[in-house]
Amino acid sequence: SDSRELTLTTDELNLTLLQIAMAPPTLQTMEVMVKLFKIMESNRGSGKIDASPNAATYTILMVAFGDRGNDHQAAKFVCERMLGALRKDGLELSSTAVSMGARFLKKAGDIINAEKLLSESLGELGSGVEVSPGVFHHVLALYKEDNLQEDAIKLFDIFFTEVGADGNDFLKRDDFIKSLIRWPERNRRGNRIAVASHHQNIYEYLERRC
């Protein structure tokens, strides 16, 4: 129906989304969720803040779509809107929404938006949200696929500062280091990668940092 006739609140709309999300996962249910989400976005554009998307909206949508692969435009659409909300509105998302978004972007091979989601979630452009170690691992996996060794070292520096700096988090830090060390020996084209130099760079970084 026309969004001008819709009088439901954000909480009521979110409950409707949740009920649809619990239905069997079909393209039709995803299309219905996207249509409802677009109505909520239209409400925000017309000043109806009490009927607009909030952090819970993105959590529901990303949990529903984030695990469905890159062949569904619905997941990509919602993830891009979530990034826009972080960038423009400073919306503080849940850790679940960010984690599921990063998981989808990793499956989609979308390095650019995965980096944006991480940086904006950490508060460089957004308001700052809790970022789980899994988000960093998804970005690292994308770097491995494209053999971006320098970017991976920089990512570890951010991880060390944001997640692994506390002594109680040494297991998370060590787990990330292990993943960083386990670099693929060949790229997508089958060409051999200079892994030894990558390991040397990690060693030199750890010497400086620790």
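Observations on the structure shown:
Results for (1) assigned to a helix (DSSP H, G or I); (2) within 17 Å of residue 55 (Cβ to Cβ), shown as yes or no for each residue.
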{"residue": "75", "(1), (2)": "yes, no"}
{"residue": "79", "(1), (2)": "yes, yes"}
{"residue": "84", "(1), (2)": "yes, yes"}
{"residue": "92", "(1), (2)": "no, yes"}
{"residue": "102", "(1), (2)": "yes, yes"}
{"residue": "117", "(1), (2)": "yes, yes"}
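- Screening 63, 32 for residues that are within 10 Å of residue 17 (Cβ to Cβ), at pLDDT 85 or above and open to solvent by 40 Å² or more (accessible area, probe 1.4 Å) leaves exactly one candidate, 32.
Table: residues versus (1) modelled with pLDDT of 90 or more; (2) of a type in the set (Gly, Ala, Ser); (3) in contact with a Leu (Cβ under 9 Å, 6 or more places away or on another chain).
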| site | (1), (2), (3) |
| --- | --- |
| 107 | no, no, no |
| 127 | no, yes, yes |
| 131 | no, no, yes |
| 139 | yes, no, yes |
| 149 | yes, no, no |
| 155 | yes, no, yes |
| 161 | no, no, no |
| 172 | no, no, no |
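- Number of the exception - residue 23 against (1) of a type in the set (A, V, I, L, M, F, W, C); (2) open to solvent by less than 70 Å² (accessible area, probe 1.4 Å); (3) assigned to a helix (DSSP H, G or I): (3)
- Pairs linking a residue in the stretch 176-197 that is free of Cβ contacts under 8 Å to residues at least 60 places away in the same chain to a residue that is among the acidic types (Asp, Glu), with Cβ atoms under 9 Å and 6 or more positions apart or on different chains, are 184/145; 187/145; 187/146; 188/145; 188/146; 192/185; 193/185; 195/185.
- Residue 46 falls short on exactly one of the conditions (1) under 12 Å from residue 101 (Cβ atoms); (2) open to solvent by 40 Å² or more (accessible area, probe 1.4 Å); (3) of a type in the set (Ser, Thr, Tyr), and that condition is (1).
The values are calculated or read from the model by the stated rules, or taken from the named source; none is laboratory data. All values derive from a computational prediction rather than experimental measurement. Please note: Cβ atoms are built from the backbone with ideal geometry, for glycine as well, and neighbour counts cover all protein chains shown. Only protein heavy atoms, including side chains, enter the accessible area calculation; ligands, DNA and RNA are left aside. Shrake-Rupley method; radii C 1.70, N 1.55, O 1.52, S 1.80 Å.
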